[in-house]
Amino acid sequence: MTMATRILYCNCTYAQVVPKEVKEAVLKSLCESGVAFDAVADLCEMSARQDPALKRLTDGGAIKIAACYPRAVKWLFSAAGAPLPIEGTEILNMRIQKSEEVVTSLLDPNLKPNLPSGKATQPTPAELPVTTA
Amino acid sequence: MSLKDQTAVRIVLYEGSGSQPLEPADRFAAMTALLEKGFSVTRAGREGQVAPADRSSLFVLGRFDEGKLPQVEDAAGQVHIRFQDIAGLDATRVTEMVEAFRAETNSVKHGEWKPWFPVIDYDRCTNCMQCLSFCLFGVYGVDQGQKIQVQNNDNCKTNCPACSRVCPEAAIMFPKYRAGPINGDVVSDTDLQREKMKVDISALLGGDIYQMLRDRSEKAKSRFSKERDSDKALKERQKCLVKLAQMGDIPMEVLMSLPAPEEIQRRAQEAAAKAQAALAK
Ligand code: SF4
Ligand code: SF4
């Protein structure tokens, strides 16, 4: 656990891939919580522009990011020359997670690093072990 | 496209000592309005940590005690810092002030381009250069170590994820795409099988895609030359392109904007030569 974990919220302004109600609820909860945080309009735009601000966001240790798929976020930062620390980054995925889940994780002082590393591939359902009820 | 010569404004919603915190609803309204206009906003309060300062111009907004603005400047004179009391101002007015500051500091204007471009997952990429040989718009290149790179992301055709279809490793993502694994979702074995089948869009289309496009265009051309009714000719062209679009997930607008057949051939050869040269080193 570290109290120094920072929070970053991505508003995905230039696309409609993150459900509006999820991103709004997450931002609203952050605004109501009283906690300090950084918010950016669109990490994709920043990465495409090689925005040096991404470096500022990765500097300074552990970070929790509310955005989209961890694999996408990892390589967006990397493409802009600002790789995220593998052991110090937790990504919350607003494309598929519920807003309550995202907010709880963001405000939880414990960091659960989850950046993918290596060539992970999910097995097909047929390859999964059979579970009996 | 890159921010080498321009910086972006960083807005700080300051609610620390010497100021009164905003009402949560006002904070949310201001944040939302600024983010929708493309700005980055830091909410700095009495608790928690935020990203450190850098070269960005700072516009610090707050409800300062008795309206007194802090007197701070960058000793090195590199960073523009401005304080603004926003007591009693609504989100629209706040956004107007920020926009005026952006223009004054000649900082970057956001939202003029939809950020649609490929992002490579280097954990998966094998540097096979299929993407480089495939793309006709010069999006890909190689770095000094002959490693594949996205070099001209603003050349990328909005909403076209075609190159991700030719990557045998499902290593090319478009984070704003609707479905996985192209959107960055975990790659499954099933996806890989599917992607392998598409390794060569050529196989999918029963031949070299560019050859096919050339043939189609040639046929279409000869038809068009006999065609008097330009509306009908356009319909013909659309019909044949729709078929391609359905097969290869290539947006119509992209197919419609493809260059002339000879130019396609020239660019395809150029890209293939670049890829071969990189692989030979
Ligand atoms: S990183 Fe994800 S959430 Fe953020 S702008 Fe890009 S696609 Fe949207
Ligand atoms: S096609 Fe895929 S694996 Fe091959 S170089 Fe491009 S990104 Fe890498």
Got a number for residues in region B:19-49 being open to solvent by 40 Å² or more (accessible area, probe 1.4 Å) and assigned to a loop (DSSP other than H, G, I, E, B)? 7
Residues of region B:155-168 being surrounded by fewer than 21 Cβ atoms within 10 Å (Cβ to Cβ) and modelled with pLDDT of 90 or more, in sequence order, are B:155
What about residue A:73, is it in contact with a strand residue (DSSP E or B) (Cβ under 8 Å, 6 or more places away or on another chain), of a type in the set (Val, Ile, Thr) and either more than 7 Å from every other protein chain (Cβ to nearest Cβ) or buried (at least 21 other Cβ atoms within 10 Å of the Cβ) (or both)? yes
With the condition kept exactly as written, say whether any residue in region A:52-62 is within 25 Å of residue B:118 (Cα to Cα), assigned to a loop (DSSP other than H, G, I, E, B), open to solvent by less than 50 Å² (accessible area, probe 1.4 Å) and within 7 Å of chain B (Cβ to nearest Cβ). no
Considering only residues that are within 13 Å of ligand 2 (Cβ to nearest atom), in a loop (DSSP other than H, G, I, E, B) and in contact (Cβ under 8 Å) with a residue 12 or more places away in the chain, which ones fall in region B:126-157? B:126, B:127, B:128, B:129, B:135, B:139, B:146, B:147, B:151
Yes or no: region A:25-44 includes at least one residue that is more than 13 Å from residue A:65 (Cα to Cα), without any contact (Cβ under 8 Å) to a residue 12 or more places away in the chain, more than 7 Å from every other protein chain (Cβ to nearest Cβ) and more than 14 Å from the chain's Cα centre (by Cα). no
If you go through region B:106-125 one residue at a time, do you hit one that is surrounded by 17 or more Cβ atoms within 10 Å (Cβ to Cβ), more than 16 Å from ligand 1 (Cβ to nearest atom), assigned to a loop (DSSP other than H, G, I, E, B) and among the polar types (S, T, N, Q)? yes
Of the residues that make up region A:105-115, is at least one charged (D, E, K, R), at pLDDT 95 or above, assigned to a loop (DSSP other than H, G, I, E, B) and surrounded by 15 or more Cβ atoms within 10 Å (Cβ to Cβ)? no
If I ask for residues that are under 23 Å from the mean Cα position of the chain (by Cα) and more than 7 Å from every other protein chain (Cβ to nearest Cβ), which ones from region B:34-61 would you list? B:34, B:37
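The values are calculated or read from the model by the stated rules, or taken from the named source; none is laboratory data. Treat the numbers as computed from the prediction; the structure is a model and nothing was measured. A quick note on method: Cβ atoms are made from the backbone with ideal geometry, for glycine too, and the neighbour counts reach across all protein chains shown. Areas reflect the complete protein model, heavy atoms only, side chains present, ligands, DNA and RNA absent. Shrake-Rupley method; radii C 1.70, N 1.55, O 1.52, S 1.80 Å.
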